[in-house]
1. Please work out which residue is surrounded by the most Cβ atoms within 10 Å (Cβ to Cβ), limiting yourself to segment 71-94 and to residues that are under 18 Å from Leu127 (Cα atoms) and at pLDDT 90 or above.
2. Which members of segment 40-59 meet the condition of being open to solvent by less than 60 Å² (accessible area, probe 1.4 Å) and charged (D, E, K, R)?
3. As an exercise: evaluate Leu3 against (1) at pLDDT 75 or above; (2) surrounded by 14 or more Cβ atoms within 10 Å (Cβ to Cβ) and give the number of the one condition it does not meet.
4. Looking at segment 35-58, I want the residues that are under 21 Å from Val70 (Cβ atoms) and modelled with pLDDT of 90 or more and have a partner that is open to solvent by 30 Å² or more (accessible area, probe 1.4 Å) and aliphatic (A, V, I, L, M) with Cβ atoms under 6 Å, at least 6 apart or on another chain. Which pairs are those?
5. Which numbered condition trips up Leu62, out of (1) modelled with pLDDT of 90 or more; (2) surrounded by 12 or more Cβ atoms within 10 Å (Cβ to Cβ); (3) not in a strand (DSSP E or B)?
6. Report yes if Thr133 is hydroxyl-bearing (Ser, Thr, Tyr) and buried (at least 19 other Cβ atoms within 10 Å of the Cβ), otherwise no.
Amino acid sequence: MMLSLDAILEERARRLAERHELREIGPDLPTHFIFRTGRLLLAMALDDLIGLGPPRLTPVPLGHASLLGVSSYRANFWPVLKLDEAPCQQVLYLRRVRLALQVTEPISLEWAGVTSPPPTVELPPQLRATGLTTQGWLMLEVVEA
């Protein structure tokens with residue numbers, strides 16, 4: 001199933017605008033995008049994301065082993081990192097850093113909260129693991145430069 005992140009973010013903004021009083025975000029409103037990258041099942045806050053698109057990648061000769069290639073999105077060039085050797089089906093564009101991640105399979109939008117400390121995982125310096133959810137998703141956040 002193909003998810004349109006732009007449509008989901010617009011619906012989320014519409015729902016938030018309709019609320020007359022401030023209250024905690026709960027399970028009725030998704031807070032995280034859940035996706036698979038090879039063996040890793042990951043969750044990222046919607047606030048850290050700009051979009052999800054097809055993998056129109058240009059290879060970078062002599063690039064770092066973790067660099068999958070460069071993608072053009074919204075009139076900008078984005079380095080796309082691979083976190084696993086699995087094939088890239090979609091590209092996830094991150095907010096606050098000019099960086100994108102490979103996505104093997106978009107899964108869903110869910111409400112998620114951290115329930116335990118994260119395991120030791122090797123990640124690029126622009127990402128930090130913040131914990132695990134009860135569903136076993138590894139929560140990531142963008143580290144601002």
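1. The residue in question is Val80.
2. Result: Asp48, single match.
3. (1)
4. Phe35/Ile107; Thr58/Val70
5. (2)
6. Details: hydroxyl-bearing (Ser, Thr, Tyr): yes; buried (at least 19 other Cβ atoms within 10 Å of the Cβ): yes.
So Thr133 passes the test.
The values are calculated or read from the model by the stated rules, or taken from the named source; none is laboratory data. Please read all numbers here as calculations on a predicted model, not as lab measurements. Cβ: placed from backbone, ideal geometry, glycine included. Neighbour counts: every protein chain shown. To get the accessible areas, we keep the full protein, side chains included, count just its heavy atoms, and leave off ligands, DNA and RNA. Shrake-Rupley method; radii C 1.70, N 1.55, O 1.52, S 1.80 Å.
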